[in-house]
Structure formats: structure tokens, C-alpha cells
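Enquirer: Input: one structure, supplied below.
The values are calculated or read from the model by the stated rules, or taken from the named source; none is laboratory data. Not measured: the values here are computed from a predicted model. For neighbour counting, all protein chains shown are included, and Cβ atoms are generated from backbone atoms with ideal geometry for every residue, glycine included.
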Amino acid sequence: MGSPYKTVAFQTLGCKLNFAETSTLARDFSSHGYAQVGIDHPADIYVINTCSVTENANKKARKAVRRALRKSPQAKVAVIGCYAQLNPQEIADIPGVSIVAGAEDKFNLIEKMEANEFNGQPIILNSEIDTVTHFHPSYSMGERTRSFLKVQDGCDYTCSFCTIPLARGKSRSADIADTLLQARGIAETEIKEIVLTGVNVGDFGKNHGESFFELIQELDIVEGIERYRISSIEPNLLTDEIINFTAKSEKFLPHFHIPLQSGSDHILKAMRRRYNSDLFVRRINKIKSIMPDACIGVDVIVGFPGESEENFEETYELLKQLDVSYLHVFSYSQRDNTEAVKIEPKVSQQTIAERSKILHRLSMKKKRQFYENNTGKIRQVLFETYEEGILSGHSENYISVSIKGNEDKVNQIIPVKLVRLEDGEMIGKRLE
């Protein structure tokens, strides 16, 4: 008996890992005969892949459900991912939700949909997180130029503010051989760049006796892929050998994203991070000593419980002095079942907002300085989009660059001279 559903729409909230998994699910639905439509179009099925890093992420998920049902009141709505794993009943109570599927069960979604066992009550598929041990390979294909390749999932760290181990389970990955198969599959398409993504990518291979460093050496020789980026890596796992290898590689790009979270050792200890500020500084200095033009992004959290004015000043001064390129600033969001809930005193929302604003201003200053330091230099730019005579893309060191050009140059890597900064973007000139 064929499926009663013909069209499916997907919405992804949260991280690059979610994008990789949504794209893989979309290909699965397509192979079963479903036509994919945009999230703003009427559909028989809506799949909402959720994040749960902050309370705001949960609100976005609930809003997405309501929006889908306004488009198609009779549609089946599946809510999957981290929020679904952590708070399945809360989601099931949202009017109109048909299926709730957590960390493991989301990969069996199509079979459950086609079983058509709906009786007016939401179906909750939510394996205990301690039993989730299988690694599901995934990669995105939504962009013509770039793919997010999931190389790792889950986390064995116990940071006091984080629910990811509860939402995604223990750290796990495929082995190098299977990961290379995924990369070669991407290489058979027109995609030029792979972004390696995961919850804790530096932990790759521990369940197979392999390492992330061994993986990147093997990926470096895969034919058909011209560029790799490492999406984010913990400072304690970013070894000198990884940094040295990146500096010498023609494919691994001089772009690092490294979470700091706080520049105060007191707060880092309360967060249960696995490094101190001195190690973080050494990692940044090591990168810049051999790749002076490398782009370095930094995650930082403001308003963690117990963060005094002095602790925040330590963070600000550390970041101000460090040669980093931009910041991702997060306001602390209290999450149930985390140790940070018990830490006092809490920081007021007003203070959190003020500190966030200060760091956002610092980030803009850092980014502008980084772009200005690159002005006049020649960079290799992978052009991703074309609109009204303007090509836009990113240099190897992650500078957003626009030039005048033709649409046939999309998905090409072209040497460009960086001419001037305009409205936060670098205007370039193609070399003749």
C-alpha cells in the first residue's frame, strides 16, 4: 500500500550538525517518492528539526509548529531532534503535533510516517539517551558550493551549563574508512568545500582507536574536494599537530572556530571546561605565529551564574588583547537538569544584556580590524551567490567578498584582490 502523503517540507533550527541531518532525512524522503517543498508552502508533512541550547530555541520550535499548521491545517507535523529528546511530552502537548522523535528515532521517521498509525494522539518515539550508541552518517546537499559533513555526534563532557549530552548521548563517530566514503560521495557532486561538523569534532574516532588528526590527513588526499573547514573545535583538543598540518595543507583552510566561553579561570572551572585561559591564549598565539592571516572565531557566554563584574572584565580584556577575528556571543540560558542551575548568585537579565552589547561591539571592532589587515592582499574566493551583477563568496580565511561578475562564476574559486571595506563586506577586484 502506498503512502497517503506526497509532499514534505523541512525546517532546521540550530547548528550545522542539524542541517547535515535534515538534508540526509530529506534525501531519504525523496528516495521514497516524496516531493520536497519549501517550509512556506502547503505540505502533507512538516518535519521540524529542533535545537535546545537555549530557551529561545524551544520557543522557535513551538512557533514553527504553529506556522506549519497555519499553512496546512491537516498536515502531519513531526518534531525531531534535541528539544524532542529533552522534552518530548512538552512538544506532544502542542496542538497539531503528530510525531515526536528524539536522538535515535528521528532516523526512522519515514517508516513511522508510512505506517500511518495516527489515532488523534501524538506518537512519541524517544529512546533513553543512554541507549543511543549508533552513529548515523549525514551530510548536507542544499548548497551548490558547500556541504556540512557530520563526522562526530554526542559528547562525553559534562559542562555545567550544557544539555547536549542529555540530548545527543555519548561521543561517537564512524571510523575513518566510512567517513572517507561519505567525503567521496560529496566529491562526486559539484561541491567544492566541506565543513567538518559535529558536537565535539576533536573527539572523533575515540570509539575506534582513531583520532581527528588521522582523519584530516586522510581527507586531505580525497580527490574532488578542494577545500575543508573545521566548524568548531575545543581548545584542549586543538593540538599543535592539527595546527601545523593545517598550515601546510593546501585544502584545510586557515579558519578556526574555538570556544572560549569565559576568560575567567574561576568561571571556566564553574563551567567545568577542560582548559584554562592560559591554554586558550597559547592556542591562539600558536595559530597566529604560523598563519598570521588565519581567521579565528570565538564562542563566549555572558551572564553565567556567579559571573562578577571582575570576571566579565577578565573575559573582555583577554579577548581585547587576543588576535581573534570575530566573536559569537551567547547570553546564558538556564537549562533544566544542569549543574549550573544550582550556582548562585544569578546574573540579572539587564546585566546580561549590557555585557552582551559590550562584547558585540568588541566583535564588530575585531572583525573590521581583521578585514582591514587583509585589504590590498590577494585571496582565493569561492563564490557562492549571484545577484544583479554581483558575485559574493568567502576567501580561504573566511572574509566575505563581493565583486562584479557573471553568474557562470558561481561555484568557482577565483583569485581576488581585496580593495576596500564597505558595509561590513569586502569589495574585491578580480585579477585579470
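Enquirer: Any residue that is among the aliphatic types (A, V, I, L, M), in contact with a helix residue (DSSP H, G or I) (Cβ under 7 Å, 6 or more places away or on another chain), in a helix (DSSP H, G or I) and crowded, with 21+ Cβ neighbours inside 10 Å - is there at least one of those in segment 166-175?
Expert: yes
Enquirer: I've got another one for you. Just give me the residues in segment 218-231 being at pLDDT 95 or above and within 22 Å of the chain's Cα centre (by Cα), in sequence order.
Expert: Once the filter is applied, which keeps residues that are at pLDDT 95 or above and within 22 Å of the chain's Cα centre (by Cα), segment 218-231 yields Leu219, Asp220, Ile225, Glu226, Arg227, Tyr228, Arg229, Ile230.
Enquirer: Out of curiosity, is Ile399 among the aliphatic types (A, V, I, L, M), out of contact with any His (no Cβ under 6 Å at 6 or more places or on another chain) and free of Cβ contacts under 8 Å to residues at least 40 places away in the same chain?
Expert: When the stated conditions are applied, Ile399 does not pass them.
Enquirer: Restricting attention to segment 38-49, does a residue exist that is over 19 Å from Thr197 (Cβ atoms) and either among the charged types (D, E, K, R) or modelled with pLDDT under 90 (or both)?
Expert: yes
Enquirer: What residue, among those in segment 183-224 that are crowded, with 21+ Cβ neighbours inside 10 Å and of a type in the set (S, T, N, Q), is farthest from Tyr139 (Cα to Cα)?
Expert: Asn200
Enquirer: Does segment 161-202 hold any residues that are among the charged types (D, E, K, R), over 29 Å from Val79 (Cα atoms) and touching a strand residue (DSSP E or B) at 6+ places or on another chain (Cβ under 7 Å), and which are they?
Expert: Lys192, Glu193
Enquirer: Among the residues in segment 365-374, are any touching a residue at least 40 places away in the same chain (Cβ under 8 Å) and over 17 Å from Pro254 (Cβ atoms)?
Expert: Yes - at least one qualifying residue is present in segment 365-374.
Enquirer: While we're on this one: Looking only at residues that are outside any strand (DSSP E or B) and among the polar types (S, T, N, Q) in segment 137-160, which one is nearest to Thr179 (Cα to Cα)?
Expert: Checking each candidate, the answer is Gln152.
Enquirer: Additional query: Tell me which of these Glu128 doesn't satisfy, since it passes every other one: (1) within 15 Å of Glu21 (Cα to Cα); (2) surrounded by fewer than 21 Cβ atoms within 10 Å (Cβ to Cβ).
Expert: Result: Glu128 passes all but (1).
Quick grid of which residues meet (1) basic (Lys, Arg); (2) in contact with a Lys or Arg (Cβ under 9 Å, 6 or more places away or on another chain); (3) more than 29 Å from Glu55 (Cβ to Cβ); (4) modelled with pLDDT of 90 or more:
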site: Ala101; (1), (2), (3), (4): no, yes, no, yes
site: Ser138; (1), (2), (3), (4): no, yes, no, yes
site: Lys150; (1), (2), (3), (4): yes, yes, no, yes
site: Leu180; (1), (2), (3), (4): no, no, yes, yes
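Enquirer: Go through (1) surrounded by 19 or more Cβ atoms within 10 Å (Cβ to Cβ); (2) in the same structural domain as Ile230 (by TED's automatic domain parsing); (3) touching a helix residue (DSSP H, G or I) at 6+ places or on another chain (Cβ under 6 Å) and name the single condition Ala101 misses.
Expert: For Ala101, the exception is condition (2).
Enquirer: Regarding segment 106-119, can at least one residue be identified that is at pLDDT 90 or above, assigned by TED's automatic domain parsing to the domain that holds Ala43 and touching a Gly at 6+ places or on another chain (Cβ under 8 Å)?
Expert: Yes, segment 106-119 has at least one match.
Enquirer: Further question: For the subset of segment 39-66 comprising residues that are under 12 Å from Ile94 (Cα atoms) and charged (D, E, K, R), which member is surrounded by the fewest Cβ atoms within 10 Å (Cβ to Cβ)?
Expert: For segment 39-66, the residue satisfying everything is Lys59.
Enquirer: Being in a helix (DSSP H, G or I) and touching a residue at least 40 places away in the same chain (Cβ under 8 Å) is the filter; apply it to segment 243-261 and report the residue that is surrounded by the most Cβ atoms within 10 Å (Cβ to Cβ).
Expert: That would be Thr246.
Enquirer: Does Asp44 fit the bill of being acidic (Asp, Glu) and either more than 17 Å from Met113 (Cβ to Cβ) or outside the structural domain of Gly120 (by TED's automatic domain parsing) (or both)?
Expert: No: the conditions fail for Asp44.
Enquirer: Looking at (1) within 30 Å of Glu307 (Cα to Cα); (2) of a type in the set (Ser, Thr, Tyr); (3) buried (at least 16 other Cβ atoms within 10 Å of the Cβ), which is the only condition Ser147 fails?
Expert: Every condition holds for Ser147 apart from (1).
Enquirer: Within segment 292-315, is even one residue over 21 Å from the mean Cα position of the chain (by Cα) and under 25 Å from Asn374 (Cβ atoms)?
Expert: The answer is yes, given that some residue of segment 292-315 is over 21 Å from the mean Cα position of the chain (by Cα) and under 25 Å from Asn374 (Cβ atoms).
Enquirer: Another question, if that's okay. If I filter segment 108-121 for residues that are surrounded by 14 or more Cβ atoms within 10 Å (Cβ to Cβ) and of a type in the set (Phe, Trp, Tyr), do I get at least one hit?
Expert: no
Enquirer: Okay, moving on. How many of the residues making up segment 207-231 are in a loop (DSSP other than H, G, I, E, B) and touching a residue at least 12 places away in the same chain (Cβ under 8 Å)?
Expert: 8
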